[in-house]
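Have a look at the structure below before the remarks.
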């Protein structure tokens, strides 16, 4: 986050960067996520795997398995 501050401008600064703002926001979100009531708002393991395309990757991996590759080198 960045922005202007009249008080800091009077001190000679022209630009202020709040580097920890995202860290604080992420920490707040993490803390909220660790509470019991947040579980219902979390994606389930299988839903996440489907979202990231894991079943398709597993199918591709099977296509290149040692057993499948052996068929081509007999």
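Each reported figure results from applying straightforward, stated rules to the coordinates on display, with no laboratory input. Here the structure is a predicted model, which is why all the values come from computation and not from measurement. Cβ atoms come from the backbone with ideal geometry, glycine included; neighbour counts cover every protein chain shown.
Kindly indicate whether any position in the stretch 22-42 is under 30 Å from residue 59 (Cβ atoms) and part of a loop (DSSP other than H, G, I, E, B). The answer is yes; a qualifying residue exists. Scanning the stretch 56-64 for any residue that is in contact with a strand residue (DSSP E or B) (Cβ under 7 Å, 6 or more places away or on another chain) and not in a loop (DSSP other than H, G, I, E, B) turns up nothing.
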